[in-house]
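Before any comments, here is the structure.
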Amino acid sequence: MKAGALLVVGDVITDVVARHRGPLAPGTDTAAAVRTVPGGAGANVACWAACWGAAEVRLLGRVGEDAAAWHARELAACGVRPLLVVDPQAPTGTVICLVDRDAAAERTFLTDSGASLRLGPGDWSDALLDGVARLHLSGYLLFSEPGRAFVAVALEAARVRGVPVSLDPASAGFLARLGTGRFLSLVEGVDVLLPSRDEACLLTGLPGVADAAARLSRRVPLVVAKQGAEGALLARSGEVCARVPAVMATPRDSTGAGDAFTGAFLAALMAGADPEHAVAEGCRAGALAVRRVGGRPPPPA
């Protein structure tokens, strides 16, 4: 265990969550409960890490002038130190989350990434790693040219300082468009990869998540494959080394469950837990997340 802060870099997004029942009715109205909440995979991970006891969590992201102050307040309220770059030209990203209450709270995203796609190497400074024990990168950074350049600079800076780096692939849909070979070359040097089941299978072309995680672990030292209601598994050196069951929960909204898992996993890892125990903490956080609307943890007591 190395004392220090967790620096998360990624998207800060305004989520509009619409919870409806059954199929959408094209051409007319579908009744829904609609809420606007702070989100973004990177920001959610940071908030859950702070909620799970990480001593210091910092979040670097790019937002528009329209919602910068609100997002900074919401991050601070969760115990996260916001390091927000305010973009004078692009608005804050917005995601419409359609959540079907009759389908295990399964969600569909309509994504306008806005300013978050414009985070680039000019937003990086090696001083951001001062006092940092671990760097976590949101995979959404890889889906824009400036973001890819940013990741290259950040990975090199972390390598020079000996700071371990984790990354969550973030989106199977965007990943397919980027290309799996390109993705794997871009994340070379990452210590921990946290794909979902679909992402792991997509990255390897294998139908089974265990085989996929095992293969990925020949390229990345530790692979943690998230499987939702089926828990998670760990793979190292080409083999699955642990399987951790999920914590049972009745889902209301699955938005951000993977982010909750990642944040709690990182917080436990930084507190000195072994990876299997850290995965169990991730499963606990994921179960808590699906019981809530939106991707953030409950406010501090």
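The values are calculated or read from the model by the stated rules, or taken from the named source; none is laboratory data. A quick note: this is a predicted structure, and the numbers were derived from the prediction, not measured. FYI the Cβ positions are ideal-geometry reconstructions off the backbone, even for glycines, and counts take in every protein chain you see. Just so you know, the surface numbers come from the protein's heavy atoms only, side chains and all, with ligands and any DNA or RNA stripped out. Shrake-Rupley method; radii C 1.70, N 1.55, O 1.52, S 1.80 Å.
Overview of values
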| read-out | value |
| --- | --- |
| Listing of strands (runs of 3 or more DSSP E) fully contained in segment 201-247 that carry 1 or more residues being out of contact with any Cys (no Cβ under 9 Å at 6 or more places or on another chain) and of a type in the set (A, V, I, L, M, F, W, C) | 222-226, 239-244 |
| Yes/no for R101 being within 30 Å of A18 (Cβ to Cβ), under 17 Å from the mean Cα position of the chain (by Cα) and open to solvent by 60 Å² or more (accessible area, probe 1.4 Å) | no |
| Filtered residues of segment 111-125 (kept if open to solvent by 30 Å² or more (accessible area, probe 1.4 Å), touching a Lys or Arg at 6+ places or on another chain (Cβ under 8 Å) and under 14 Å from A154 (Cβ atoms)) | D123 |
| Residues of segment 248-287 satisfying the condition of being polar (S, T, N, Q) and touching a Cys at 6+ places or on another chain (Cβ under 8 Å) | T255 |
| Scope segment 97-121; condition outside any strand (DSSP E or B) and not aliphatic (A, V, I, L, M); matching residues | R101, D102, S113, G114, S116, R118, G120, P121 |
| The listed residue being free of Cβ contacts under 8 Å to residues at least 40 places away in the same chain and either open to solvent by 50 Å² or more (accessible area, probe 1.4 Å) or farther than 16 Å from L178 by Cα (or both), out of V151, V160 | V160 |
| Every residue from segment 229-246 that is open to solvent by 90 Å² or more (accessible area, probe 1.4 Å) and within 11 Å of D211 (Cβ to Cβ) | E239 |
| Listing of strands (runs of 3 or more DSSP E) fully contained in segment 1-96 that carry 3 or more residues being more than 21 Å from D123 (Cβ to Cβ) and hydrophobic (A, V, I, L, M, F, W, C) | 13-20, 32-39 |
| For F143: the one exception among (1) in contact with a Gly (Cβ under 9 Å, 6 or more places away or on another chain); (2) crowded, with 21+ Cβ neighbours inside 10 Å; (3) closer than 22 Å to L186 by Cα | (1) |
| Options R58, R21, R62: the member that is farther than 23 Å from L137 by Cα and touching a residue at least 60 places away in the same chain (Cβ under 8 Å) | R21 |
| Residue within segment 171-190 that is in a strand (DSSP E or B) and either open to solvent by less than 10 Å² (accessible area, probe 1.4 Å) or within 30 Å of A32 (Cβ to Cβ) (or both) present | no |
| Matching entry among S217, S237 (being modelled with pLDDT of 95 or more, of a type in the set (S, T, N, Q), touching a strand residue (DSSP E or B) at 6+ places or on another chain (Cβ under 7 Å) and under 21 Å from V187 (Cβ atoms)) | S217 |
| Sole residue being within 22 Å of F143 (Cα to Cα), in contact (Cβ under 8 Å) with a residue 24 or more places away in the chain and surrounded by fewer than 24 Cβ atoms within 10 Å (Cβ to Cβ), chosen from T108, T94 | T94 |
| Search result, residues across segment 191-202 that are farther than 18 Å from L6 by Cβ and open to solvent by less than 20 Å² (accessible area, probe 1.4 Å) | P195, E199, A200 |
